[in-house]
Amino acid sequence: MGEDQLTRGPEASLNVSKEDAMKVVVAVASKYGATLEIAEAIGGVLREQGIEVDVAAIDRVSELNAYDAVVTGSAVYAGHWLKGAKEFLEANAGTLRALPTWLFSSGPIGDPPKPKEDPVDAAPLIEIIAARDHQVFGGKLDKSRLNFGERALVTALRAPEGDYRDWDEIRTWALSIADALKANPDPNARV
Ligand SMILES: Cc1cc2nc3c(=O)[nH]c(=O)nc-3n(C[C@H](O)[C@H](O)[C@H](O)COP(=O)(O)O)c2cc1C
């Protein structure tokens, strides 16, 4: 895969230079892949809107200054963002505050989706990076992929298996990001 290619797998190390076209990174923390697929869908919509996009595992993103905007997401486990995502935002808060940023969480399972509450980390993370928006999307639960402790927990909670991600909702949110960036790429503007 060439360095100039727009789509990079989560395994790629990102260290790109700033060019003229608007460039966005969708950086995601995902344990079993469901949240990564949401990130890829968001990236696809932004790309359709003429924006250059890297979709990457959050621990592979090294050069935030190469981007004009950042979308960050994490799966939610036991009410919290994955540790790597939280640490990434805290470590890069200064840089992220100077960029337009959006956050998303993915986790709630079932119909209606539960839990209803935002992840514990959402409010403080929105605050420290001055995110323009935070969105919670449904998650996906496949018990066959869980470790023993996780399976015991979701069984005790009677969490239903299934894929509760709403792709229309995800695409609509991504489109709102593209629209906001095109309308006002100023990092200090709030939508
Ligand atoms: C042990 C366990 C705990 C979970 N806890 C929460 C939670 O507290 N809140 C929530 O919204 N989702 C919770 N979930 C659902 C996951 O966030 C959901 O399955 C998500 O889609 C996983 O994303 P990933 O495949 O990217 O890791 C939990 C799932 C497991 C297996």
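Things to note:
- Boolean, residue 54 is under 21 Å from residue 37 (Cβ atoms) and surrounded by fewer than 16 Cβ atoms within 10 Å (Cβ to Cβ): no
- Residues of the range 127-138 include at least one that is in contact with a strand residue (DSSP E or B) (Cβ under 8 Å, 6 or more places away or on another chain) and polar (S, T, N, Q).
- Residue within the range 72-80 that is among the hydrophobic types (A, V, I, L, M, F, W, C), crowded, with 17+ Cβ neighbours inside 10 Å and modelled with pLDDT of 95 or more present: yes
- The single condition among (1) without any contact (Cβ under 8 Å) to a residue 24 or more places away in the chain; (2) of a type outside the set (A, V, I, L, M, F, W, C); (3) within 11 Å of the ligand (Cβ to nearest atom) that residue 172 does not satisfy is (3).
- Taking helices (runs of 4 or more DSSP H) as the structural unit, those lying wholly within the range 58-141 and holding at least 1 residues that are of a type outside the set (S, T, N, Q) and under 13 Å from the mean Cα position of the chain (by Cα) correspond to 83-91, 122-129.
- Hey, residue 117 near the ligand (Cβ under 9 Å from one of its atoms) and either out of contact with any strand residue (DSSP E or B) (no Cβ under 8 Å at 6 or more places or on another chain) or modelled with pLDDT under 95 (or both) or not: yes
- Qualifying residue in the range 150-161 (condition: of a type in the set (D, E, K, R) and assigned to a loop (DSSP other than H, G, I, E, B)): yes
The values are calculated or read from the model by the stated rules, or taken from the named source; none is laboratory data. In this text, all values refer to a predicted model and were calculated from it rather than measured experimentally. As a convention, Cβ positions derive from the backbone with ideal geometry for all residues, glycine included, and neighbour counts pool all protein chains shown.
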